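Coordinate-derived values only; no laboratory data. What you are looking at is a predicted structure, and each value in this text was computed from that prediction instead of being measured. Quick reminder, even Gly has a Cβ in these numbers, built from the backbone with ideal geometry, and neighbours come from all protein chains shown.
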Amino acid sequence: MRFIILLFALLATPHAFAVEATAANAEEAVVLRDSAALNNADLDDLMAVLSPSIRIYKHPTEPHSLVGPQSDKMGTYEQVRTYFTEAFKQGPQGRHEVVEMVSLGDLVLAHVEFQLPHESSLNQLLTAFRVRNGQIQAMWHIARVEGAKRDSGAAAQAVIRRFNEAADRNDVDAFLALFAPDARNFHFRGAPDVLGGAPSKSLTDPASRERVFRTMFAERPARIQVLDGFAVGEWAVSHDRATQKDGSVSEGLSLYRVQDGRIVDDWYLAERKSGDGADHPGSPGQAN
């Protein structure tokens, strides 16, 4: 029921309503087209940006999980068409705004602000999109913060800022201190149609985390430049560039979950190595 209410919140506002975010690339432009179609109750435009093979997933229901179950009511292309054919007949149903986006390759993470019909409270949403060939192939609803302002993730973002700063200055003590004792580290799954990966085999507890990262910082120090990022509630997104001492450069897209000032989960979602134009699993500093 909550998922249906949320999807109603993604419906139209009048044409005068402007999406605040701007697209940095073609993939982000597709996400904005999807938002505009919802805001304008335009079924043809909505279906045009969705792949016929799209899969849409609800919020995670398990602890330390990034992906929830596929929606049983709006999980496929035909289910979306059926649902919005009826919903759009009712006209504007609420306000939907893409506030900010971070992307790497075909993966786009978006901070969405929405407001339910006839309600004054704002709700913040973190959603991931896999965009290929001008269409959304998959959509994952990762997190929702109800009745929250846009800066709901300020505390989490501050933690990740300190985390990246510690990595940049090669301060392993400060870096390690930002992990909760029972933190979970996830490596890239290596499956292009899946979001996130399996638990790391080498980072399993505080002792292994200290051993791996102390070795890594000593042998492979890197300069870290944060290119972009945002946070929603306890979830923080970071797009960074790592330059190794041998001059090799890579960009990584990571997602962190922060509680009580420490990282409790981190996922390395994508990496691009400079010079080859391809996306690779992993991120600077990742261990399998």
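So for region 2-148, considering every pair of alpha-carbon atoms, how many percent are separated by more than 24 Å? If you can, show how the numbers build up before the last one.
Numbers: 2474 of 10731 pairs.
Every Cα pair in region 2-148 considered, those over 24 Å come to 23 percent.
Please list, in order along region 238-255, the HN-Hα scalar couplings obtained from phi with the Karplus expression 6.51 cos²θ - 1.76 cosθ + 1.60 (θ = phi - 60°), rounded to whole Hz, x for Gly and Pro.
Here the 3J(HN,Hα) series is 9, 10, 10, 10, 10, 10, 7, 5, 8, x, 5, 10, 9, 10, x, 10, 10, 10 Hz.
If I model a spin label at D44 and V226 as a point 7 Å from the Cα along the Cα→Cβ vector, what separation in nanometres do I get?
About 4.4 nm separates the two model spin labels.
Compactness ratio of the chain: Cα Rg over 2.2 N^0.38 Å, N = residue count? Write down the numbers at each step before the final one.
On the way: Rg = 19.3 Å, N = 288, 2.2 N^0.38 = 18.9 Å.
The reported ratio for this selection is 1.02.
Excluding residues fewer than 8 places away in the same chain, name every one of the aspartates and glutamates whose C-alpha is closer than 16 Å to that of K201.
D182, E210, D265, D266
Given H placed on each backbone N at 1.01 Å, which residues far from V226 in sequence or on other chains put an amide H within less than 5 Å of it?
R241
Place a label point 7 angstrom from the Cα of D173 along the Cα-to-Cβ direction, then list the residues of region 211-245 whose backbone nitrogen is under 17 Å away.
211, 213-215, 217-218
For a quick check: with amide H placed at 1.01 Å from N, whose amide H comes under 5 Å from N170's, ignoring anything fewer than 5 positions away on the same chain?
none
Once the other residues with Cβ under 13 Å from the Cβ of Y83 are scored (Lys, Arg +1; Asp, Glu -1), what is the net sum?
Local net charge: 0.
Considering region 152-280, what Rg and Dmax in Å follow from its alpha-carbon atoms?
Values for region 152-280 (Cα only, Rg and Dmax): 14.1, 39 Å.
When we measure straight from the Cα of K73, which lysines land under 16 angstrom away, once same-chain ones fewer than 8 places off are left out?
Cross-link targets: K58.
Using modelled amide H (1.01 Å from N, peptide plane; none on Pro or chain starts), what sits under 5 Å from the amide H of A148, excluding residues fewer than 5 places away?
For A148, the qualifying residues are L122, N123, Q124.
Please give every one of the lysines within straight-line cross-link reach of K273, meaning a C-alpha to C-alpha distance under 22 Å, and leave out same-chain neighbours fewer than 8 residues apart.
Of all the lysines, those that pass the test against K273 - Cα under 22 Å, at least 8 places apart if same chain - are K245.
Below 8 Å, C-alpha to C-alpha, sequence gap of six or more: please give me the relative contact order for the chain in percent.
Numbers: 683 pairs, mean separation 45.3, N = 288.
Here the relative contact order equals 16 percent.
Tell me, L116, L50 in order of fewest to most beta-carbon neighbours within 10 Å?
Working: L116 17, L50 20.
Lowest to highest Cβ neighbour count: L116, L50.
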